[in-house]
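Since the structure comes first, as structure tokens, the remarks are kept for the end.
A short reminder: the numbers here are calculations on the coordinates, not readings from a lab. A quick note: this is a predicted structure, and the numbers were derived from the prediction, not measured. Note: ideal-geometry Cβ built from the backbone for every residue, glycine included; neighbour counts use all protein chains shown.
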Amino acid sequence: MAADSGRLVRLATLVLAGIVVALVLSSLYGRWRPRLPQPLKGSGDHVVRVQVLNGSGESGIGARVASSLREGGFQVVEIENADRSDYFATMVVARRADVAGAEAVAGYLGGLPVIRQTWDSELAEVTVVVGSDRSRLRLD
């Protein structure tokens, strides 16, 4: 009888240990999994159109940023070189009066600064100018 109760205690301990391990793994996955941008409030199924300009001087970084943005659910409409290749800081430029789309892009890339420079463009609502500080970007 004592052997049966010892086995029961060991079995209960193993089950509880399994539950604890599952909870820890679930917590770690939730903390470090790639996050998609949250939908813009009140925008329905609106997809943010993004133009990516490489101003870093490093070839290919614009395409990497664009690929990451596409994985995040943004619509990249253009990838080009910027007007110069010596931008120091990467920035997100809001091309509309409503900066929610630019803030979503900035947050997705790791909390970049948002600059408001509204203009009437059918091409994109947001422009990302990649600078030489590109290593701080969160590219999934």
Self-check item: Point-charge dipole on Cβ atoms (K/R +1, D/E -1) for the stretch 49-136, about Cα centre, debye to 20
Solution: 180
Quiz item: Which chymotrypsin sites (Phe, Trp or Tyr not before Pro) from the stretch 65-107 combine a DSSP loop assignment with at most 11 other Cβ atoms within 10 Å?
Solution: Phe88
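When the helices in the chain are scored as -39500 (n - 2.57) per DSSP H run of 4 or longer and the sum is shared across all residues, what 222 nm value do you end up with, to the nearest 500 deg cm²/dmol?
Result for the chain: -12000 deg cm²/dmol, rounded to the nearest 500.
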Practice problem: Once every Cα of the stretch 49-136 carries one equal point scatterer and solvent is ignored, give the base-10 log of I(q)/I(0) from the Debye formula at q = 0.15, 0.16 Å⁻¹, two decimals. | Solution: -0.45, -0.52
Quiz item: What is the chain's relative contact order, in percent, from Cα pairs under 8 angstrom and six or more apart in sequence?
Solution: 28
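Are there any GluC sites (Glu not before Pro) in the stretch 69-140 that are in a DSSP loop and have at most 12 other Cβ atoms within 10 Å? List them by number.
Those that pass, being in a loop and sparsely packed, are Glu122.
To the nearest 20 debye, what is the magnitude of the charge dipole of the stretch 86-140 about its Cα centre, counting +1 on the Cβ of each Lys and Arg and -1 on the Cβ of each Asp and Glu?
It comes to approximately 180 debye.
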Self-check item: For the chain, with +1 on Lys and Arg beta carbons and -1 on Asp and Glu, the positive-most of Val126, Gly60, Val20 along the dipole
Solution: Val20
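Arrange the following residues from fewest to most other Cβ atoms within 10 Å of their Cβ: Arg138, Arg96, Arg10. The partial results should precede the final answer.
Working: Arg138 14, Arg96 17, Arg10 10.
Listing Arg138, Arg96, Arg10 from fewest to most nearby Cβ atoms yields Arg10, Arg138, Arg96.
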Quiz item: Say each of Leu16 and Ala63 gets a label point 7 Å from the Cα, pointing the same way as Cα to Cβ; how far apart are those two points in nm?
Solution: 5.6
Quiz item: Using the Cα atoms as the points, what is the convex hull volume per residue of the stretch 43-83 in Å³?
Solution: 61
